[in-house]
Amino acid sequence: MRPYKRLAFYLLLAAGILPACNARAQFDFEESHGPRPGLTIGGRAAYYRPRGADNGNLVEGAQARYHLTRRWALEGSVDLRQDIFGATKVDIVPVQLSVIIYLMPHGYTIAPYILAGGGWYYTHVEAPASSSAVRFGPHAGGGVEFLLSKTWSIDGSYRYLWAEDIHSQDLQHPLGRNLSDKGFLLTAALNYCF
């Protein structure tokens, strides 16, 4: 991710947090009654680290949750990711769908949850022989949502991804090789509740 894109993402995230803090002060710490049915959308920062990698990378994305009840929600998310394996550059756009189950009873401002789902990973490999593919993989994990007010919340999650391997062909590997794309994803998001 280029530094100016990262800076723009953090500025947008800060622009969303400041109104939330101001709204909380205006409503004199209005009491939230836990997740409620309806739609929430938000921007998020994510850290992805493939299994066996020396380090991971920070990516940006967005998520939308539709709360069916106070306990059940559906989440759709998309991130923009780029990995480099030696001379091979891989651009990945994961689109994930998850089912979320909130664990605390109604009435708390802190709402831990578990999640499970699947993702489709649009993958473009840039090597001497460039290729594109759509891969699939399930994921599972958990997180916690903190309700700042009736309209704003922040959340963080951990999920482990079992994505299909990435196939790459280059001069060092003319017959091709498979690069593992299994690993963990940490997210932090600011959400607006409709």
- Message: Can you compute 3J(HN,Hα) from phi for each residue in the range 94-106, using the Karplus curve 6.51 cos²θ - 1.76 cosθ + 1.60 with θ = phi - 60°, rounded to whole Hz and x for Gly and Pro?
- Response: x, 10, 10, 10, 9, 9, 10, 10, 7, 9, 8, x, 4
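Order these by the 10 Å Cβ neighbour count, fewest first: 184, 136.
Values: 184 16, 136 11.
Least to most surrounded, the residues fall as 136, 184.
Quick one: net charge around residue 113, please, counting Lys, Arg +1 and Asp, Glu -1 for every other residue with C-beta under 13 Å from its C-beta.
+1
Every number here is computed from the coordinates shown, using simple stated rules; none is lab data. In this text, all values refer to a predicted model and were calculated from it rather than measured experimentally. Please note: Cβ atoms are built from the backbone with ideal geometry, for glycine as well, and neighbour counts cover all protein chains shown.
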